[in-house]
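Below: one structure, written as structure tokens.
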Amino acid sequence: MPSKPPVHLRQPNPDNPRVQRTRTRILAVARELLPEVGLAGLTYALLAERAGVTRQTMYRHWPTRAALLSDLTLQGPDLGYPEPGTNVRTVATAWLVSLRAGITDPATRTAALAMAAQAHHDPDSAQALRRIVEDRHAALNKLLEPSGLKITAEQYTLLYGPLLARLFFDCAEASDDFIHRTVTQWLTTLDDTTEH
């Protein structure tokens, strides 16, 4: 894959239904191919061929590879999504269960690990990772709104960090019991005035 896309490409209108269908198709093909061909084999040329689009279309949607990997991570398979609620413990537990399900998807896992591995020397990957964390932090705060709790970025890291360490560094299963213990510990880090 060339390191830089052509600079004269016009960005597609994300509100256009045709553009949305094209993006969805390309992401579905990328999700199928990534576990099969690996990160190095997932080239824009191969994706364009398999999705029935031009390479120019690929670069219009994702000017960088990190942008594609970010969207693969954020728009993972539909594995269920937590509901908003007033009970912080219930919402946080459902959030971690949902995160665990998403990360066990082979394409999502490969994309996330690739961005993390490249973030320290690739500004595009670092930006893509920040985008994912900020997006997921905001989404969790939206689910917590009925409880009256709004967590900080640091509090969010303290919630998801143990799960990712368990899955990526320990290479171990994150059982329901592990998630329940993680949430119990996390609740103790919140402001003492917060009701759980």
If each part is reduced to its alpha-carbon centroid, the range 98-166 and the range 50-70 end up apart, in Å, by 23 Å
Averaged per residue, the 1.4 Å probe accessible area of the chain, protein heavy atoms only, in Å², is roughly 56 Å²
The range 94-196, Kirkwood Rh and Cα Rg, ratio Rg/Rh at 0.98
Rounded to two decimals, the Rg over Rh value of the chain from Cα coordinates and the Kirkwood Rh reads 1.01
Result row for the chain, helices from DSSP H with C-alpha axial extent 24 Å or more and mean Kyte hydropathy at least 0.5, is none
Toy charge model, Lys and Arg Cβ at +1, Asp and Glu Cβ at -1: the chain dipole around Cα centroid in debye, rounded to 20, equals 980 debye
Mean-square fluctuation maximum in Gaussian network of the chain, Cα pairs under 10 Å, restricted to S175, S98, S125, hits S175
Per DSSP, the loop-located trypsin sites (Lys or Arg not before Pro) within the range 89-167 having at most 13 other beta carbons within 10 Å are K150
Over the range 35-109, the quotient of the Cα radius of gyration and 2.2 N^0.38 Å is 1.42
Toy charge model, Lys and Arg Cβ at +1, Asp and Glu Cβ at -1: the range 68-160 dipole around Cα centroid in debye, rounded to 20, equals 260 debye
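The values are calculated or read from the model by the stated rules, or taken from the named source; none is laboratory data. Since this is a predicted model, take the numbers as computed values, not measurements. Glycine gets a Cβ as well: all are built from the backbone with ideal geometry, and neighbour counts include every protein chain shown. The accessibility values were calculated without ligands, DNA or RNA, using every heavy atom of the protein model including side chains. Shrake-Rupley method; radii C 1.70, N 1.55, O 1.52, S 1.80 Å.
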